[in-house]
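In what follows, a structure is listed as structure tokens, so that the remarks can point back to it.
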Amino acid sequence: MLKTMQSITTICIAAMALAAHAALPSKQVLTLGAAKKIADAAAVEANKRKATVVIAVVDDGGNLLVLNRLDDTQVASVEVGIGKARTAAIFRRPSKVFEDQIREGRVAALALPGATPLQGGLPIVSEGRVIGAIGVSGNTPQEDEDIALAGVKAADSIIAGVKAADSIIAGVKAADSIIAGVKAVDSIIATNGAAVTYLNKDQVAAAFAKGQPLIEVPEYKVHASRRTAGGMVEVHEHETDVVYVLEGTATLVTGGTLVNPKIIAPGEIRAPDVQGGETRKLMKGDIVIIPPNTPHWFKEVTDPFLYYVVKPIHQ
Amino acid sequence: MRHILFVTASCFAVALAHGADAIAPKPVLTLEGAKQLISAAASEARRLSAPGGAIAVVDDGGHMLAAERWDNTFAASAAISLGKARTSALFRKPTKLFEDIVNKGRTAMAALPESLFTPLQGGVPIEVDGKVVGAVGVSGAASAQQDEDIAVAAIAAWKAMK
């Protein structure tokens with residue numbers, strides 16, 4: 001009897017899990033990082049054509065993710081650009097479809113709620129589903145759409161890249177070093193001409209006395225870190241931690257599965273504990289490099305534990 | 001007749017003199033500047049461990065130059081950040097001022113049209129050489145105060161960059 005009850009319970013739980021899965025399938029979401037690349041690709045195309053336009057990228061609900069108004073673009077294009085993008089997102093088709101319908105006599109399409117029936121908005125599609133859209137306004141209707149198309153092509157290659165990256169993670173790791181190489185070249189180009197930063201030893205010592213960030217810019221952060229006790233498990237989605245131990249010892253756990261993780265900021269996850277992972281004892285002179293998306297936990301430290309951290313940011 | 005001509009000529013002279021005063025140069029915020037402000041705001045949001053955020057940068061007419069909504073930030077924040085920035089640019093004041101005015105009893109001010117007025121803390125004007133050239137609006141951080149802190153810090157960091 002008890003055994004039957006148990007197996008019924010098991011079946012019920014399994015069925016509920018299945019039902020929950022059916023009720024909550026997952027969807028692809030456009031990130032800000034991808035949206036910016038899409039807008040940038042469209043801006044490159046616009047600049048090539050010497051076109052002054054507004055470029056808007058929205059999510060699948062038609063809400064704005066990124067907007068760029070190129071210099072000297074008429075201001076009215078802001079609303080029109082967002083409107084075209086929203087139309088393509090929420091109606092899941094190019095906004096030109098409605099412009100054509102109206103021209104061909106279906107004037108009633110003007111009454112569609114939330115639609116800007118003007119050519120220049122194109123949906124962004126991943127795995128057959130609309131995950132967002134791009135809208136361009138400011139030039140001729142055809143040119144607006146052509147510029148939007150450059151954004152869509154960038155989106156397609158990002159989506160294809162994500163898929164390729166998935167298969168790389170599954171097996172080959174060789175591409176990582178190629179990507180790292182490309183990124184290094186990118187950052188050389190990006191930082192070329194930037195000012196030199198100098199911090200004298202007193203400034204550095206003062207920062208280590210309290211445990212403070214030394215520099216935080218969009219490309220990287222440099223921290224003078226001081227710990228007096230163990231901390232939370234941390235995961236940075238966009239930062240590599242390059243750690244150099246200056247004083248004290250620590251027990252560092254890396255990898256494993258987070259227990260009760262919480263997102264505390266964009267790209268920043270914290271957890272009180274981790275299951276599994278690799279444990280290391282760190283001491284003065286050691287260097288550890290923790291890649292993005294890797295759980296790491298200073299579980300126990302001596303008071304004080306001082307370490308210098310450089311954090312390249314990968315957007 | 002000569003008299004009328006003289007008067008007409010004087011009028012022209014006055015108009016011309018006026019014209020020289022009426023058209024004056026003013027600094028204009030570019031897309032590049034707007035992007036730098038957004039980047040500075042993102043750094044500040046990371047430093048404050050903000051749970052999310054949307055930022056809009058508008059010109060002196062309240063028209064958007066650039067905007068970003070960070071991952072996992074609620075969708076409405078994009079429109080709210082624009083409203084805050086626009087209000088701040090058009091009234092040339094931080095929006096906290098208007099939130100305070102409405103909260104302290106001048107509720108009627110909330111009746112101003114939404115195209116003009118979002119009386120919520122988090123919009124801060126950008127002043128260059130004593131002139132408002134635009135504004136920054138932030139929404140979606142931990143609180144209205146943090147929204148404003150991010151906008152203020154972004155403008156300060158951006159001015160330090162120049």
*Collect the residues in the stretch B:137-162 that are charged (D, E, K, R) and open to solvent by 60 Å² or more (accessible area, probe 1.4 Å), keeping them in residue-number order.*
B:Asp149, B:Lys159, B:Lys162
*Hey, does the stretch A:225-234 have a residue that's at pLDDT below 90 and among the acidic types (Asp, Glu)?*
no
*Counting only residues that are within 19 Å of A:Leu67 (Cβ to Cβ) and either in a helix (DSSP H, G or I) or charged (D, E, K, R) (or both), which one in the stretch A:112-145 is most open to solvent (accessible area, probe 1.4 Å)?*
A:Glu143
*Of the residues in the stretch B:72-87, how many are at the interface with chain A (Cβ under 7 Å from one of its Cβ atoms) and touching a residue at least 12 places away in the same chain (Cβ under 8 Å)?*
2
_Any residue that is out of contact with any Pro (no Cβ under 9 Å at 6 or more places or on another chain), assigned to a helix (DSSP H, G or I) and buried (at least 16 other Cβ atoms within 10 Å of the Cβ) - is there at least one of those in the stretch B:67-77?_
yes
*Top-ranked residue of the stretch A:207-230 - restricted to ones that are under 22 Å from B:Ser43 (Cβ atoms) and outside any strand (DSSP E or B), ranked as least open to solvent (accessible area, probe 1.4 Å)*: A:Ala207
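Residue-wise test of (1) more than 14 Å from chain B (Cβ to nearest Cβ); (2) within 24 Å of A:Gly33 (Cβ to Cβ); (3) free of Cβ contacts under 8 Å to residues at least 60 places away in the same chain; (4) out of contact with any helix residue (DSSP H, G or I) (no Cβ under 7 Å at 6 or more places or on another chain).
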position: A:His236; (1), (2), (3), (4): no, yes, no, yes
position: A:Thr240; (1), (2), (3), (4): yes, yes, no, yes
position: A:Tyr244; (1), (2), (3), (4): yes, no, no, yes
position: A:Thr249; (1), (2), (3), (4): yes, no, yes, yes
position: A:Leu252; (1), (2), (3), (4): yes, no, yes, yes
position: A:Gly256; (1), (2), (3), (4): yes, no, yes, yes
position: A:Leu282; (1), (2), (3), (4): yes, no, yes, yes
*Across the stretch A:232-277, what is the number of residues that are closer than 29 Å to A:Glu219 by Cβ, open to solvent by 50 Å² or more (accessible area, probe 1.4 Å), of a type outside the set (A, V, I, L, M, F, W, C) and not in a loop (DSSP other than H, G, I, E, B)?*
3
*Across the stretch A:67-90, which residue is surrounded by the fewest Cβ atoms within 10 Å (Cβ to Cβ) among those that are among the aliphatic types (A, V, I, L, M) and within 9 Å of chain B (Cβ to nearest Cβ)?*
A:Ala76
*So which residues in the stretch A:278-288 are surrounded by 15 or more Cβ atoms within 10 Å (Cβ to Cβ) and not in a strand (DSSP E or B), if there are any at all?*
A:Asp286
_Pairs, first free of Cβ contacts under 8 Å to residues at least 60 places away in the same chain in the stretch B:52-66, second assigned to a loop (DSSP other than H, G, I, E, B), C-beta under 7 Å, six or more apart_ = B:Gly61/A:Val75; B:His63/A:Val75
*Would you mention how many residues in the stretch A:289-305 are over 20 Å from the mean Cα position of the chain (by Cα) and open to solvent by 20 Å² or more (accessible area, probe 1.4 Å)?*
8
*Exactly one condition in (1) in contact (Cβ under 8 Å) with a residue 60 or more places away in the chain; (2) more than 16 Å from A:Leu118 (Cβ to Cβ); (3) open to solvent by less than 40 Å² (accessible area, probe 1.4 Å) is not met by A:Ala56; state its number.*
(2)
*asked:* Checking the condition of a type in the set (Gly, Ala, Ser), at pLDDT 95 or above and within 20 Å of A:Leu32 (Cβ to Cβ), which residue from A:Gly121, A:Gly138 passes?
replied: A:Gly121
*Is it true that some residue in the stretch A:103-111 is open to solvent by less than 70 Å² (accessible area, probe 1.4 Å), over 27 Å from A:Gly161 (Cα atoms), under 29 Å from the mean Cα position of the chain (by Cα) and in the same structural domain as A:Arg49 (by TED's automatic domain parsing)?*
no
*Which residues, taken from the stretch B:33-71, are acidic (Asp, Glu) and either facing another protein chain (nearest Cβ under 8 Å) or farther than 25 Å from A:Val75 by Cβ (or both)?*
B:Glu44, B:Asp59, B:Glu68, B:Asp71
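The values are calculated or read from the model by the stated rules, or taken from the named source; none is laboratory data. The structure displayed is predicted, hence computed values, not measured ones. Methodologically, a virtual Cβ is constructed for each residue, glycine included, from the backbone with ideal geometry; neighbour enumeration extends over all protein chains shown. For the accessible areas, the whole protein counts, side chains as well, though only heavy atoms, and no ligand, DNA or RNA atoms are used. Shrake-Rupley method; radii C 1.70, N 1.55, O 1.52, S 1.80 Å.
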